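Asks: Encoded as structure tokens, here's the structure I'll be asking about.
The values are calculated or read from the model by the stated rules, or taken from the named source; none is laboratory data. Given the structure is predicted, the values throughout are model-derived calculations rather than measurements. No Cβ is skipped: glycine too gets one built from the backbone with ideal geometry, and neighbour counts run over all protein chains shown.
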Amino acid sequence: MNIRRESGLGWVVCGCLLFGMSSRSISQDAQAKPGALPGMTSGASAGPRGGAESAPSAGEQPSAQAASGAVAAPAAGSNLPSEVVIKGSGAGGSIRDIKPPLRLDMDPFESIRASLVPDESLLLAESPFTVSWRRTYPEFLNNRRVIEPWHTTFADRPGIIFQVRAQLFEAMLRALDPKEVRGFGWKVTIADAEGRVFQSYDGLTDPPGELVWSGQNDQEEWIQPGRSYSAVYTFTDPSGSPHTRVGKPIQMSGIVHQESNGLHVSLDSGVLFGPNKSDETFSKPGEALLRSAADLIKRRFTGIPIRVQILASTRELAEAQAGAVQNTLIKELMLLAQNITNEGAQAPFSEQRVEIILLNR
């Protein structure tokens, strides 16, 4: 007997055996016992068919049929149809033989995950409620030898900058077009506190946006820390009328410049030792100024021998102030005593200052 699939539903099983019986035995059993199912006697109830025969009990001999594994074949001549159609039903309407894809749950970081787990003993070793606010800062910051970058006495950009064109706009009370600016002549004069001209720059046309001055004049003299200087801007329009502006006073507490005998770090004695420049101990602003100078040396000029030179009202005061500066630099820069020397000299009030000379030449 043949079994086929209709409209793509079910499996087609073509063969001569159905339920383990041949077609000849099925037909013979049907003629001998009409009305009975194949393989069953008339009036017998069909018990459940398992996937395998039950094993014989202890002491019982297996039957010949069980031993041979054969099933009694029904008589030939059965009225069963020669073709059986198996139809599938349900939501899908089909019998599928496709296996679902194999999905394995795996952790790609399984081999290293143990090393990523933090050490619990290091977390919250001490309750945050019992920690003092003082312990929230690293202790090494209290070391005086650590550089403090917030000190801005010495700028990274060298020179003094004059905004010439901005001063022209202020003098004219309005912004000018580039074509108008080209028609103006200009002059910048730097004068000291006594009104003497220290340095000047000029041009016939086109005032520059910025003018950078090193702090040295044409006679190779440097401006002094603590002394006041002023810039005077003079502009001449195309009609020949002058326009003058006075800039803000220039007063430096510290200056760095190179001279023939070494690199000079000049400091204002009025900041270090009080307005009268007569104290032997540092004022509060003076400590910050000297610390800023020490940080500058740490960053750029470490390892160079140093000479401290003090100009004061008397020689004795100058030597006492020089010793205070020397001792502070030894601690800040971790220098040996033989690598730093000091000297003091008498000078008028306007010339009194502190010179830290790095002997790089």
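Rundown of residues vs (1) exposed (fewer than 14 other Cβ atoms within 10 Å of the Cβ); (2) touching a residue at least 60 places away in the same chain (Cβ under 8 Å), yes/no style:
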site: Tyr233; (1), (2): no, yes
site: Thr236; (1), (2): no, no
site: Ser239; (1), (2): yes, no
site: Pro242; (1), (2): yes, no
site: Gly247; (1), (2): no, yes
site: Ser253; (1), (2): no, yes
site: Glu259; (1), (2): yes, no
site: Leu267; (1), (2): no, yes
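Asks: Name the single residue, out of those in region 232-264 being in contact with a helix residue (DSSP H, G or I) (Cβ under 8 Å, 6 or more places away or on another chain) and among the hydroxyl-bearing types (Ser, Thr, Tyr), that is nearest to Ala294 (Cα to Cα).
Replies: Here the answer is Ser253.
Asks: Out of Gly203, Gly159, which single residue is at negative phi and surrounded by fewer than 16 Cβ atoms within 10 Å (Cβ to Cβ)?
Replies: Checking each option against the conditions leaves just Gly203.
Asks: Please enumerate the residues belonging to region 328-352 that are in contact with a strand residue (DSSP E or B) (Cβ under 9 Å, 6 or more places away or on another chain) and assigned to a helix (DSSP H, G or I).
Replies: Leu329, Ile330, Leu333, Asn339, Glu351
Asks: Also, quick follow-up: Only residues in region 321-341 that are assigned by TED's automatic domain parsing to the domain that holds Asn276 count as the first member; pair them with residues that are in a loop (DSSP other than H, G, I, E, B) and surrounded by 17 or more Cβ atoms within 10 Å (Cβ to Cβ), Cβ under 8 angstrom, at least 6 apart or cross-chain, and list the lot.
Replies: As it stands, the answer is Gln321/Phe273; Ala324/Phe282; Thr328/Phe282; Leu329/Leu335, since those pairs meet every condition given.
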